[in-house]
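Take a look at the structure set out below.
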Amino acid sequence: MSEWILGLEGLYHRLLSPRVPVIVVALRDDDKPNAMVVAWHTPVSLNPPILALSIAPDRLTHRLIEKRGEFTLNIPSPALLEKVKTVGSVSGKSYDKSTTFNFTKGTIIKTPIIDESMGAIECKLHKILEMGDHSIILGEVVAARAKSFDGIWLSSPLLHLGGTKYVKFGGL
Ligand SMILES: Cc1cc2nc3c(=O)[nH]c(=O)nc-3n(C[C@H](O)[C@H](O)[C@H](O)COP(=O)(O)O)c2cc1C
C-alpha cells in the first residue's frame, strides 16, 4: 500500500484534474468577441439547465459577462492548444483577441461561438456569486451543439493537468 502525501491544501484543485478547459467568449463594448480559458467549470442543474464558471474578478471576461448578460463556452480540440495558451494568458484589456479564432453565429444569443471548436454551449447569465478570489458565474444553457458527439461524450478533447501541462485524452 503506498503512503499518503500530506499538506496539499494549496494544491487541492490539482487533485481534481485533469479537466476539460473551455474557451469562454463574451462580447466587448465594441461588439467584438473576447476569449479566455476556463478550466474551473461544472454543470450544476439539469432542469433548468445551469452551469457554473469560476472566474477571477480582474478578468476582462468577468466584466463583459456582467455587462452583456450572456456568454458562450467552446470546447477546444488538442489542435487548438497553442491558441488556448494565448487566450488563456493574455488579457483582452491589453490585446485584441477577436481574430484568434473563426467566430460564427450561435443559435439563440448574440455572442458568437468558435467555429473550429468541438462543441459549443450558449448561456444567458443567471447569477454571479462572489466567492473568495474568484466569482461563481451561473449561466442558463439556452443552446448546445457538438461535432462528433457519440450520444455520451465528445471524442478526444484536450485535457488540462494544471499549470502549463496538457494531455490528449486517450481513452481506456
Ligand atoms: C488552462 C487554463 C485554465 C484557466 N482557467 C481559468 C479559470 O478557471 N478561471 C479564471 O478566472 N482564469 C482561468 N485562466 C486564466 C485566464 O484564461 C486568463 O487570465 C485570461 O488571459 C483572461 O482573459 P481576459 O482578461 O481577456 O478575460 C486559465 C488559463 C489557462 C491557460
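By the rule of a C-alpha distance below 18 Å, with chain neighbours fewer than 8 residues away ignored, the aspartates and glutamates paired with K93 are D29, D30, D31, D58, E66. Take 115-124, 137-146, 2-11 and order them by the average number of nearby Cβ atoms within 10 Å per residue, most first; the result is 115-124, 137-146, 2-11.
Rolling a 1.4 angstrom probe over the protein heavy atoms with all chains in place gives the range 19-147 an accessible area of 48 Å² per residue. Working ranking of peptides 91-99, 125-133, 50-58 by packing, defined as the average number of other Cβ atoms within 10 Å per residue, highest first, is 50-58, 91-99, 125-133. Among the listed pairs K124/K168; K105/K168; K147/K168; K97/K124; K32/K97; K83/K110, those whose Cα-Cα separation exceeds 19 Å are K124/K168; K105/K168; K97/K124; K83/K110.
Could you tally the net charge around I109, taking each other residue with its Cβ under 10 Å from the Cβ of I109, Lys/Arg +1 and Asp/Glu -1? With Lys, Arg at +1 and Asp, Glu at -1, the net is +2. Residue ranges 71-77, 27-33, 42-48 sort as 71-77, 27-33, 42-48 when ordered by packing (mean number of other C-beta atoms within 10 Å per residue, highest first). If the label point is 7 Å along Cα→Cβ of V142, which residues in the range 66-85 have backbone nitrogen under 15 Å from it? Flagged as within label range: 66-73.
A probe of 1.4 angstrom, applied to the heavy atoms of all protein chains, finds W40 with accessible area near 90 square angstrom. The apolar share of the surface of the range 69-131, taken as the fraction of accessible area on carbon and sulfur atoms (1.4 Å probe, ligands and nucleic acids excluded), comes to 53 percent. Net length available on complete extension from I5 to V44 is 11.0 nm, with 0.36 nm assigned per residue and the Cα-Cα distance removed.
Proximity of backbone amide H atoms, modeled 1.01 Å from N, is registered between I50 and V44, S45, V141 at under 5 Å, excluding neighbours fewer than 5 places apart on the same chain. Between L15 and W153, the contour length at 0.36 nm per residue exceeds the Cα-Cα span by 47.4 nm.
Couplings for the range 30-40, taken from phi via the Karplus curve 6.51 cos²θ - 1.76 cosθ + 1.60 with θ = phi - 60°, read 8, 6, 7, x, 10, 10, 9, 9, 10, 9, 8 Hz in order; Gly and Pro are left as x.
Net length available on complete extension from V90 to Y166 is 25.5 nm, with 0.36 nm assigned per residue and the Cα-Cα distance removed.
Could you tell me the relative contact order of the chain? Use alpha-carbon pairs under 8 Å, at least six residues apart, and round to a whole percent.
After rounding, I find 25 percent.
In the chain, the DSSP-assigned H stretches of four residues or longer account for a calculated mean residue ellipticity at 222 nm of -2500 deg cm²/dmol, using -39500 (n - 2.57) per stretch and the full residue count as denominator. Simple spin-label estimate for K67 and D133 gives 2.6 nm between the two label positions (7 Å along the Cα-to-Cβ direction from each Cα).
The values are calculated or read from the model by the stated rules, or taken from the named source; none is laboratory data. Model, not experiment: these values are computed from the prediction. Note that we place each Cβ from the backbone using ideal geometry, even for glycine, and neighbour counts take in every protein chain shown. Keep in mind that these areas ignore ligands, DNA and RNA; they rest on the heavy atoms of the full protein, side chains included. Shrake-Rupley method; radii C 1.70, N 1.55, O 1.52, S 1.80 Å.
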